[in-house]
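Since every read-out is calculated from the coordinates, none of them should be taken as a lab result. Predicted, not measured: the structure shown is a model, and the values here were computed from it. Please note: Cβ atoms are built from the backbone with ideal geometry, for glycine as well, and neighbour counts cover all protein chains shown.
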Amino acid sequence: MLVRLHAAALRGVDAVPVTVEVRVDRGIHFLMVGLPDSAVRESQQRIKSAIEHLGYRWPGKGITINLAPAGLRKEGAAYDLPLALGILAASGQIEAEAFEQTLLMGELALDGTLRPVRGGLALAHAAREPGIHSLILPRASAAEAALLPGAITLGADHLRDVLDHLSGSRPLVPASCELPSMLAQQAGRSLEPLADIKGQERAIAAMALSAAGGHNVCMVGPPGSGKSLLAKAMVGLLPPLTAEEAIEVNRIHSVSDRSGRSSGVVLQRPFRSPHHTISDVALVGGGSDPRPGEISLAHAGVLFLDELPEMPRHVLEVLRQPMETSEMTISRARSTVVFPAAFQLVAAMNPCPCGMYSNDPKLRKKCSCSRHARQQYMRKVSGPLMDRIDIHLQVDAVSAAALMPEPGALGRERRRQRLQRAQDWKQRVGAARDIQQQRNPDGKTNHALDGEVLHDIATLDRPGSLLLRRCMDHFGLSARAYTRLLRMARTLADLDSRSQVSALDVAQSIAFRRAGEDTESWLDGQGTKPTPNLFTP
């Protein structure tokens, strides 16, 4: 008897429909074809033990299994459930009509318990194909697949539960997930990290600018100046995930077994901070069975790269394409997959090998590095990569007087003021994002604007246009830098809820792009030096 069932194979963040064909006929053999890997071939022993544990018999005949399309490689133990049901139906022990319109995936334990599988959301997308009415998954995976509206997802804990559902004796209850209400309960990360930062007003303003427009940041400063704390604090400034973003983020994390999640769904913007010894494949994704890398796991969130010059140069260079296109294409001999990678890069580095070189003369005296050593250290990060980073931020050490805690009521008041400052910044960032959502095509952030659309939205007045032109000539900036300066100027105007980009916005963009005393003095000579209080909420 021949039986056909619906399954799916994961390819990147998508699922490709697979037809499982099971035939029980004369002979004594167990033959599986259709490019199964070792985990799929080893399913015979798991399936046999689970079937016999429930009181069913293992067919004493020849079993032939075909996984179609035959040219697509099938990987993982998630095919155990459809294979077990196919063998039971082909041997006449259950009715085959019960699962003709059902996609089934799940790994079996020896006693028939269903274990979670990866890619629940991708499987839910595949379950919306014509001819498929519902999806049966292990309960933990079904909770994740239920995030996708329009798919009927059924969760089961045991093979017995699936058999009872198919027989009609005890139907499974569809999994439900109220994603909007779940996101509302996790409205955003705590602002405590931002309230913990003392001083660094300019750095906080730069992080707010980055969060408001989706701009990349590179912080340069001595150890202990607060670079890592600023990076963690920026996640709290970002607006909450939308329902569409949450589905995309969970879809990426689900197909990866390196996501760092124990269970449940991701309801807040990711913050990924890989070690500087990471490989290029771990960073951007890949492998024989391509999996998402850290840049994709940071999709819709923040990718924090600390000790940037210590990372291997060939690892950093692979960031160029995804920083421009917001996606990562992995090409292999057998297939090509595309992973979303709309991450926000926050990088941090020391100014020299010893880390003590600073604008502060007291700290600079402790630096033992020569000028040549400092230049070689900074050159570990290539110019083309730095050109793709919008904000180059100098983070100086905070004075001891600013770090000392104030006693009693004064200390509590200072803490309240810093928390209020953080809340004000978050509100301004949220308002700027709302402006961009309504104004920009497809609701893109300013960082993604380009071409004529950017020029129409970020129209400069005559003083601003003249200043930007002189800046390009004076500093020898690239066309990419020109575009990024214009994007930042537009974001600065959005933070102040202004429709027109001014020369002062351009000057501030130049100052953040060219962090250094030479820029400040040059802008001062042009009569457009940015005022220190411009970004004070």
Per-residue Cβ neighbour rank within 10 angstrom, fewest leading, Y377, Y357: Y377, Y357
The stretch 141-285: translational diffusion in µm²/s, Stokes-Einstein, Kirkwood Rh over Cα pairs, 37 °C, 0.692 mPa s: 178 µm²/s
Per-selection metrics, the stretch 107-176 (Cα): Rg and Dmax in Å: 11.6, 34
Pair D442, E95: separation of 7 Å Cα→Cβ label points (nm): 4.7 nm
Reachable aspartates and glutamates from K444, criterion Cα separation under 18 angstrom, eight or more residues apart if same chain: E244, E245, E248, E324, E327, D390, D434, E452, D456, D494
Viscosity 0.890 mPa s, temperature 25 °C, Stokes-Einstein D of the stretch 192-439 from Kirkwood C-alpha radius, µm²/s: 126 µm²/s
Acute angle (nearest 10 degrees) that the helix 201-213 long axis makes with the longest principal axis of the chain, alpha-carbon atoms: 40 degrees
Geometric extent, Cα atoms of the stretch 271-324 - Rg, Dmax (angstrom): 10.5, 30
Chain lengthening between T19 and S49 when straightened (0.36 nm per residue, less Cα-Cα): 8.4 nm
Radius of gyration, Dmax [the stretch 21-105; alpha carbons; angstrom]: 12.3, 36
Nearest 10 degrees, 0 to 90: helix 243-255 Cα axis against the chain principal axis: 60 degrees
Using alpha-carbon coordinates, inclination of helix 80-90 to the longest axis of the chain, degrees: 20 degrees
19 Å tail of the calculated P(r), the stretch 401-474, as % of Cα pairs: 62 percent
Length added when fully stretched, R498-K380, from 0.36 nm per residue minus Cα-Cα: 38.5 nm
Structure-based [θ]222 nm, the chain - -39500 (n - 2.57) summed over DSSP H runs of at least 4, per residue, nearest 500: -12000 deg cm²/dmol
The stretch 70-133: Rg to Rh, with Rh as the Kirkwood radius over Cα pairs: 0.97
More than 17 angstrom apart: percent of Cα pairs within the stretch 246-364: 58 percent
Convex hull volume per residue in cubic angstrom - Cα atoms of the chain: 177 Å³
Antiparallel bridge percentage (DSSP; both residues within the chain; nearest 5): 50 percent
Exposure proxy ranking, count of Cβ atoms within 10 Å, fewest first, for H253, H158: H158, H253
The stretch 219-326: GluC sites (Glu not before Pro) in DSSP coil with no more than 16 other Cβ atoms inside 10 Å: E307
Overall Cα dimensions of the stretch 2-167, principal axis frame, Å, largest first: 45, 34, 26
Distance (nanometres) between label positions extended 7 Å along Cα→Cβ at R170 and Q186: 3.1 nm
Order of T102, T113, T459 under a 10 Å beta carbon neighbour criterion, fewest first: T459, T113, T102
